[in-house]
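The values are calculated or read from the model by the stated rules, or taken from the named source; none is laboratory data. This structure is a prediction, so every number in the text was calculated from the model and none was measured. We place every Cβ from the backbone using ideal geometry, glycine too, and count neighbours over all the protein chains shown.
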Amino acid sequence: MPSSSQRYTTAQLDAMRQRHGFSVRFLSAVSENDCIFEGQVQEHQLPSGLQLVSSDIRIDHGYESTSEHPRRFTAVVLLDGQAELQLPGARRALSVTRHAAAAFSCGDTEILKATHAAGQTVRGFNLSIEAPEACADAELAELLHQAMRQPGPPLHAWSLPEHLAVSLRQLLDGVWSGSLARLHREGIALQVLACALQAHAQPRPAPLPRIHPRDRRGLERVRECMDAAPGQAHSLDDLARLACMSPTTLREKFQAAYGQTVFGWLRERRMQLARERLAQGWSVQEAADCVGFQHASNFATAFRQRFGHAPSQGSLRRKP
């Protein structure tokens, strides 16, 4: 949890609801003083006319939010956690998971529902603009108008570029302060918007493969196997047998279910575990061995690409 963590009760969530235009349905019984989530939510009105809301929270009670605002363009980015996005008439919800994002234009007759499960940590951003004409940049305003008028499905998923994920984590972690933080925030928000507009302009992708409950159980077995032994040299063939699928089917359905490739998910799990071990005082070589790297130099390169700094900077204290 952030150092300035706050408890958000139903009353505080209701105040946010009124500001941002959404209704809430809780997935379990809650009372007035129950903590719905705990952490930090920050709202920023940017000079470009964009509104940026950052969240670094632990959800105690699951809830479903439904948009009630006028038509606007929105991008949602998740660094950690998961949300299910659903539009009327869609055959299935879009699952946005770690290092994935979605861009959508909805409102008026199109209502977006987002489901947030309990028991998870969510770190992410919501970037939106209601009136493109408020942008100081006329070209950007026209791009936004085009996206909001674009026919076809209004919901588009996209993968978060690695360099942008690093910058967004720095934004959440408060690496910058004062005037530099404002400049950094505006620059990162515009990068997110550029990626969202590009995703929104792409042709409609082929339909995602249907995931039967039996298939989902197989996919969960694969995730649990990699989660339990992230340092093991997993092979696609072995994981496919565990899921009772062909390797090709596993690749397609894992990507559709979790928004990441099989080994992209494993790589992220390894990096997160390594960062935890380094924070506990493990050496770089120990952390590398733990997550399956034979050479500390290869591990250091992968770690720097993921987090933007050397693993030696992540070792906060030494083991006794």
Checklist entry - How many residues does segment 239-272 contain that are closer than 23 Å to Ala83 by Cβ and assigned to a helix (DSSP H, G or I)? => result 16
Checklist entry - So, in segment 69-83, of the ones that are of a type outside the set (Val, Ile, Thr) and under 28 Å from Ala136 (Cβ atoms), which residue ends up surrounded by the fewest Cβ atoms within 10 Å (Cβ to Cβ)? => result Pro70
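Condition test on Pro209, is it in contact with a helix residue (DSSP H, G or I) (Cβ under 7 Å, 6 or more places away or on another chain), at pLDDT below 90 and exposed (fewer than 14 other Cβ atoms within 10 Å of the Cβ)?
Numbers: in contact with a helix residue (DSSP H, G or I) (Cβ under 7 Å, 6 or more places away or on another chain): yes; at pLDDT below 90: yes; exposed (fewer than 14 other Cβ atoms within 10 Å of the Cβ): yes.
Taking the combined requirement at face value, the residue satisfies it.
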Checklist entry - So, of the residues in segment 20-54 that are among the hydroxyl-bearing types (Ser, Thr, Tyr) and within 26 Å of Leu140 (Cα to Cα), which turns out to be modelled with the lowest pLDDT? => result Ser48
Item to check | Lone qualifier among Phe293, Phe254 - being aromatic (Phe, Trp, Tyr), in contact with a Ser or Thr (Cβ under 8 Å, 6 or more places away or on another chain), within 28 Å of Val166 (Cα to Cα) and surrounded by 18 or more Cβ atoms within 10 Å (Cβ to Cβ) | outcome: Phe254
Next on the checklist: Condition first: exposed (fewer than 15 other Cβ atoms within 10 Å of the Cβ), touching a residue at least 60 places away in the same chain (Cβ under 8 Å) and either in contact with a His (Cβ under 8 Å, 6 or more places away or on another chain) or on the phi > 0 side of the Ramachandran plot (or both). Can you find one or more residues in segment 31-52 that meet it?
Outcome noted: no
Item to check | Flag if Arg149 is at pLDDT below 80 and more than 23 Å from the chain's Cα centre (by Cα) | outcome: yes
Checklist outcome for this item: Subset of segment 1-11, residues under 22 Å from Arg123 (Cβ atoms), in contact (Cβ under 8 Å) with a residue 24 or more places away in the chain and not in a strand (DSSP E or B), comes to Met1, Pro2, Ser4, Ser5
